[in-house]
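Novice: Got a structure here, written out as structure tokens. Questions coming.
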Amino acid sequence: MARVRAVTRRRQRGSTLLVAALCLAIALAALGAIDVGNFYFMRRDLQRTADLAAAAGAQTIGSATSTAGDCAAATASAQQNAQTGNNMPNATVTVVCGRWDPSVNAGQSYFALTGTPMNAVQVTVQQTVPYFFMGPARTLQATATAQSTNVRSFSVTTAVASLSGGLLNGLLNGLLGGNLNLSVASYQGLASAQIKLGDLATALGVGSMSQLLNTQVTLAQLVRAMATAVSQSTTASATVITDLGTIAASIPGGQQIALGNSAGTNGLLAVALGDPQAAATATVNVLDALMVAAEIGNGQSAINLGTALNLGALANVTAQARLLEPPVIAVGEAGFNADGTPRTSAHSAAVRLYLNVQLLNVNLLGIVQMSALNLPVSIDVASGTAGLQSTQCTTSKAASQSVISAQAGVASLCVGMDAASNLTNYKTLMACNTPVPVTSLTVLGVDALSLYVGNPTAKPTPTGLLLNLQQAQPATMTFNGIVGDSDDYQSTNTNALGSATSGVLTQVVSALSSSVYAVFAGVPLTNGLVYNAVVGLLNALVNLLTPILNSLDALLVPLLQLLGVQIGVVTVHDLGLTCGQAQLVY
């Protein structure tokens, strides 16, 4: 019995030690859990501090006037926010500025310290946290990156002041094949209406901006979606929605257009953003979008402009245009690509235009035939471009601003017999190899006298009259953040030969004195009695052409402006500045 009691006591002592060890382990685990929990909550607090500080810095990065100032202001905002909202006064806050761009920066991280414009802030918050029970202090840190993008929308287009119901109806009917008859007031309403791209995406049933840019729709579908998007605006009038419905109903067939512009496809919108979703709050003008979409939908077909040109007594006027490169509406941020070109740019349509004016064709019993005027003209207009240089957002829209540079391309004008063939041969440079008999007199089937326009001194044979309008340096334009004020349309004269208001075709007049020559019975006249007698006819022809060309210019220049082409003048239409909201990206 004594041995049994001794064994029992030893077993009890062993059980007590086991229980004590177990309790100690539980206590240590509890104390460790307290430390781990403290680290968890401290890390969460650090992450919250980093998130808020990065967002504060990103909101400020686009507000200063220089790249260095952007980072200085963003750093100050991030540091102040971290110090105000952080319960750990000894934490170290590190702020770096850079660019967040998924389309450019390689690897898993889209944030880079290089690249312009800077649009992101990365904040690292570090704090040394001691253990309560489990050992020495431990250093914790949290990192957050936030980006914010200022988005500008603009196009190269004509001004509201040049709107004309007759011209616009004729042009849109030529582009769309419809039968519109809207008033000037209707077009002015369309020109003042804005739609958000996010609302347009919703109206078309797509969930993101990337999907929108990859969508193809018919012109009628696009116009109806624009009407739905306009209805989301509190400032849009019911008339605008009604007019868009009228336009949609007048569009025959199923002309389709791409909404996103790419290297292989002409599209409505050129969005130059690393994250296209940032363009959801950007706005575009309804009339601009309508005109660009109509020109893209028309494709390479020749547009008959004869119904839009009304010269009254001048009678026979042939007018056709072909779009070599449709225009595009630009939506994006400021800055430059690696090759130095603007990241966000818009262009006007590159157009080849053919005109032929015929006046007073007389046939007297088949004996005498006379043509008082035969003037075929082709105009080749290279596209005008505009690029977004910089943006600056402040708390005031009036103080916010964007800087856009604009430049017109080279235009060529040909008066020659091959003017008509230039319209169909649009893939090569414009030819002007054959002079044109603008006035001719035939007696009994024999050419008696002809007055030609061309270059009689060209070798080996005379050619037509070819004029080149030379481009100059780009101009710089500054727009504020207010839509609908006086600075929305800005123009610049970018060629040395004068603005579009001084005339396109009238520039021929200055060259006529050296470009009009006579051929009598098949022999060019350069001197002698007959030549002196014909000089009066040459002067009379020049005097006749001057008012005719002036009359054509009065209609041609606005017509080209409606196509987005202004010879010698580039007009940039600002469609609005959207100042970005900060967004945590990781």
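Novice: Could you line up T463, T318 from fewest to most neighbouring Cβ atoms inside 10 Å?
Specialist: Ranking T463, T318 by Cβ neighbours within 10 Å, fewest first, gives T318, T463.
Novice: Quick one: 3J(HN,Hα) in Hz for the range 205-219, Karplus 6.51/-1.76/1.60 with θ = phi - 60°, rounded, Gly and Pro as x.
Specialist: Whole-Hz 3J(HN,Hα) from phi for the range 205-219: x, 10, x, 8, 5, 4, 5, 4, 6, 9, 9, 10, 9, 6, 4.
Novice: Rounded, prolate or oblate for the range 219-293? Axes are the square roots of the Cα gyration tensor eigenvalues, ordered a ≥ b ≥ c, and the cut-off for rounded is a/c under 1.5.
Specialist: oblate
Since every read-out is calculated from the coordinates, none of them should be taken as a lab result. If you're wondering where the values come from, they're calculated on a predicted model, not measured in any experiment. Here Cβ is always computed from backbone atoms with ideal geometry, including for glycine, and neighbour counts include all displayed protein chains.
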